[in-house]
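The values are calculated or read from the model by the stated rules, or taken from the named source; none is laboratory data. Quantities reported herein were computed from a predicted structural model and do not represent experimental measurements. Here the Cβ positions follow ideal geometry from the backbone for every residue, glycine too, while neighbour counts run over all protein chains shown.
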Amino acid sequence: MADKSSKKTTTADETSTAAPTPTPAATPAAPRPDHEAPSGADFYQIHSTQLEQAFKVANTPERVRTILRQPKNELITNFPVRMDDGSYRLFKGYRIQHNNILGPFKGGLRYHWNVSLDEVKALAAIMTYKCALLEVPFGGGKGGIKVDAHTLSRDEMERVTRRFTHALGNNIGPDYDIPAPDMGTNSQVMNWMMDTYINTVNTSQKNANLAIVTGKTLSAGGTLGRTKATGQGIVYCIQEWAAERGFDLDGATIAIQGFGNVGSHSAHILSKHGCVLTAVNDHTGTIINPQGINPRKLMEWVEKHGGVKGYPGAESVSRDAFWAAEADIFIPAALELQITPEIARTIKTRVIVEGANGPSHLGVDEILEGRGIDMLPDLLANAGGVVVSYFEWIQNKRFESWDLEEVDAKLLARMKKAYQGVRKFAAEHGCTRRQAALALAINRIARVYDDRGIFP
């Protein structure tokens, strides 16, 4: 374990609460990762296996298993976009709507060169269970466009977004399917999506349709606390874990994979609790500084340079050195399937907190448990984003505006309740926390099917 005798190094700007949101294509084109992204088919298969394991733990009726094994709708659209040079390019977009028994479909929109049907199917299903676990009245959805967003200019990003929104048409809506930001997208993309949608509906309904997306800028109907929501939820989970284990966060070391919205805000908020960021890996490279990396300065560097590579406040090392580094808390906040069984057997940490969706391979949880390393699974740990998206949706529906303290307090209450529920279920059933989180979510969905039945 990392030596906690070297206490807090104050590296963050204590007066700031959120990282600047990068404008699409405002940074130089980022290089491709130094490692291959996993295939969507692998990710979907692993999710399906984890789901079957949870079905057994939850003793789920076969009729409910049948429904949940496949998404309700799979939408694929190919749409043309005029590029800056006057040429036309065809893009492939996806929107998967997994289940809406608890409420409207809800889920992010991802712009990434590795987006595939199977990947988005898995992510949409995860959203279904995440909402159920946190008792958010939404179902699960996910969307994506197969594109390297770093290669698009701002104008091209806007045209791609508006064309995709128009192509989806009535397949999205504030009471039916509500997109949000994800990898490669941000609040500006959501603004364009919202503006395109409300300009295709009846004029008298425009203001009522602000809730078509969440994650918007404040001026366009967003909510305070949304930008940092996923990172804030991760920190609330870490605080619950620390209280459970009697662990002092002051002076604790953290390592983060991925320094986008989730990773950067997690680091920044944790620094206010005395934690020291010592290692970061992203698609451009790996940096390490045992004395501490300033999260705010690294945010600014990433915004300007497109990644952590070359950051002057730390040493550049290999990706393998990242996983070999000692840290009290590891937060994978990048792509799925990054933690292999081999990494699980060698990683030196006290807890892994999944900021990304599905970052762990099969068998990882059991290996970590055998080594006395805790795992806080994605379904629980990164749910802060969808919870605060729900708060934004409510505010848009009611034409209200909540202050940050109210948003954070409501988020804390939900994260604490979910954390304790997962902890209790895992202890009572002798299962992993991932299985517990999935089983709790499945049970809540199954009860609704029991009460409502299937029409006709």
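I need the full set of residues from region 234-246 which are of a type outside the set (A, V, I, L, M) and in a helix (DSSP H, G or I), in order please.
Tyr236, Cys237, Gln239, Glu240, Trp241, Glu244, Arg245
Would you mind finding the one in Thr196, Thr217, Thr203, Thr230 that is among the polar types (S, T, N, Q) and modelled with pLDDT under 95? Full working, then the answer.
Details: Thr196 fails: modelled with pLDDT under 95; Thr217 fails: modelled with pLDDT under 95; Thr230 fails: modelled with pLDDT under 95.
Residue meeting the stated conditions: Thr203.
Can you find, within region 252-289, the residue that is farthest from the chain's Cα centre (by Cα) among those that are surrounded by fewer than 19 Cβ atoms within 10 Å (Cβ to Cβ) and touching a residue at least 40 places away in the same chain (Cβ under 8 Å)?
Gly274
Rundown of residues vs (1) in a loop (DSSP other than H, G, I, E, B); (2) over 16 Å from Leu109 (Cα atoms); (3) without any contact (Cβ under 8 Å) to a residue 60 or more places away in the chain; (4) among the small types (Gly, Ala, Ser), yes/no style:
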{"residue": "Met194", "(1), (2), (3), (4)": "no, no, yes, no"}
{"residue": "Thr200", "(1), (2), (3), (4)": "yes, yes, yes, no"}
{"residue": "Ala211", "(1), (2), (3), (4)": "no, no, no, yes"}
{"residue": "Gly215", "(1), (2), (3), (4)": "yes, no, no, yes"}
{"residue": "Thr227", "(1), (2), (3), (4)": "yes, no, no, no"}
{"residue": "Gln232", "(1), (2), (3), (4)": "no, yes, no, no"}
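Just one of (1) at pLDDT 95 or above; (2) over 30 Å from Ile198 (Cβ atoms) trips up Phe391, so point out which.
(2)
Here is a list: Arg423, Arg434, Arg414. Which entry is at pLDDT 95 or above, surrounded by fewer than 23 Cβ atoms within 10 Å (Cβ to Cβ), part of a helix (DSSP H, G or I) and within 18 Å of the chain's Cα centre (by Cα)?
After ruling out the rest, the residue left standing is Arg414.
Within region 273-307, can you find the residues that are in a loop (DSSP other than H, G, I, E, B) and within 16 Å of Ile254 (Cα to Cα)? So that I can check it myself, show each step before the final result.
Step one: filter region 273-307 for residues in a loop (DSSP other than H, G, I, E, B), giving 273-275, 283-284, 289-294, 306-307.
Across region 273-307, the qualifying residues are His273, Gly274, Cys275, Asn289, Pro290, Gln291, Gly292, Ile293, Asn294.
Among Phe138, Phe105, Phe79, which is within 25 Å of Pro377 (Cα to Cα), in contact (Cβ under 8 Å) with a residue 12 or more places away in the chain, touching a Lys or Arg at 6+ places or on another chain (Cβ under 6 Å) and of a type outside the set (D, E, K, R)?
Phe138 is the lone residue from the list that is within 25 Å of Pro377 (Cα to Cα), in contact (Cβ under 8 Å) with a residue 12 or more places away in the chain, touching a Lys or Arg at 6+ places or on another chain (Cβ under 6 Å) and of a type outside the set (D, E, K, R).
With the structure loaded, tell me whether Ser153 is closer than 19 Å to Leu411 by Cβ, modelled with pLDDT of 95 or more and not charged (D, E, K, R) or whether it fails that test.
Here the answer is no, as Ser153 does not meet what is asked.
Would you be able to say whether some residue in region 52-59 is touching an Asp or Glu at 6+ places or on another chain (Cβ under 9 Å) and either within 22 Å of Asn170 (Cβ to Cβ) or not in a helix (DSSP H, G or I) (or both)?
Taking every residue of region 52-59 in turn, none turns out to be touching an Asp or Glu at 6+ places or on another chain (Cβ under 9 Å) and either within 22 Å of Asn170 (Cβ to Cβ) or not in a helix (DSSP H, G or I) (or both).
Kindly indicate whether any position in region 181-188 is out of contact with any Phe, Trp or Tyr (no Cβ under 7 Å at 6 or more places or on another chain), farther than 22 Å from Gly355 by Cβ and not polar (S, T, N, Q).
No, that holds for no residue.
Identify, from the list Ala2, Ala29, the residue that is modelled with pLDDT under 50, outside the structural domain of Gly251 (by TED's automatic domain parsing), under 30 Å from Ile254 (Cβ atoms) and surrounded by fewer than 13 Cβ atoms within 10 Å (Cβ to Cβ). Steps first, answer last, please.
Values: Ala2 fails: surrounded by fewer than 13 Cβ atoms within 10 Å (Cβ to Cβ).
None of the others qualify; the one that does is Ala29.
Restricting to region 186-207, name every residue that is small (Gly, Ala, Ser) and under 29 Å from the mean Cα position of the chain (by Cα).
Ser187, the sole residue that qualifies.
Of the numbered conditions (1) touching a residue at least 60 places away in the same chain (Cβ under 8 Å); (2) not in a loop (DSSP other than H, G, I, E, B), Trp402 satisfies every one except a single condition; which is it?
Of everything listed in (1) touching a residue at least 60 places away in the same chain (Cβ under 8 Å); (2) not in a loop (DSSP other than H, G, I, E, B), Trp402 misses just condition (2).
If Leu362 meets every condition in (1) in contact with a strand residue (DSSP E or B) (Cβ under 9 Å, 6 or more places away or on another chain); (2) of a type outside the set (Phe, Trp, Tyr); (3) part of a loop (DSSP other than H, G, I, E, B) apart from one, which number is that one?
Unmet for Leu362, out of (1) in contact with a strand residue (DSSP E or B) (Cβ under 9 Å, 6 or more places away or on another chain); (2) of a type outside the set (Phe, Trp, Tyr); (3) part of a loop (DSSP other than H, G, I, E, B): (1).
What's the total number of residues in region 365-399 that are outside any helix (DSSP H, G or I) and surrounded by 21 or more Cβ atoms within 10 Å (Cβ to Cβ)?
5
Which condition number in (1) at pLDDT below 95; (2) of a type outside the set (S, T, N, Q); (3) closer than 30 Å to Lys424 by Cβ is the one that Lys8 fails?
The failed condition is (3).
Would you confirm whether any residue within region 191-206 is touching a strand residue (DSSP E or B) at 6+ places or on another chain (Cβ under 7 Å), over 19 Å from Glu400 (Cβ atoms) and assigned by TED's automatic domain parsing to the domain that holds Asp148?
Checking region 191-206: at least one residue is touching a strand residue (DSSP E or B) at 6+ places or on another chain (Cβ under 7 Å), over 19 Å from Glu400 (Cβ atoms) and assigned by TED's automatic domain parsing to the domain that holds Asp148.
So which residues in region 81-96 are surrounded by 12 or more Cβ atoms within 10 Å (Cβ to Cβ), more than 16 Å from Thr151 (Cβ to Cβ) and of a type outside the set (A, V, I, L, M, F, W, C), if there are any at all?
Gly93, Tyr94, Arg95
Looking at (1) without any contact (Cβ under 8 Å) to a residue 12 or more places away in the chain; (2) not in a helix (DSSP H, G or I), which is the one condition that is false for Leu249?
For Leu249, the failing item is (1).
Being in contact (Cβ under 8 Å) with a residue 40 or more places away in the chain, outside any loop (DSSP other than H, G, I, E, B) and surrounded by fewer than 24 Cβ atoms within 10 Å (Cβ to Cβ), is that true of even one residue in region 124-132?
The answer is no; no qualifying residue exists.
Filtering region 315-344 down to residues that are hydroxyl-bearing (Ser, Thr, Tyr) and part of a loop (DSSP other than H, G, I, E, B), which residue is surrounded by the fewest Cβ atoms within 10 Å (Cβ to Cβ)?
Here is the first cut: in region 315-344, the ones hydroxyl-bearing (Ser, Thr, Tyr) are 316, 318, 340.
If we keep only those that are part of a loop (DSSP other than H, G, I, E, B) too, we end up with 318, 340.
Details: Ser318: 12, Thr340: 15.
Applying the filter and picking the extreme gives Ser318.
For region 258-268, indicate whether the set of residues that are small (Gly, Ala, Ser) and farther than 21 Å from Asn186 by Cβ is non-empty.
no
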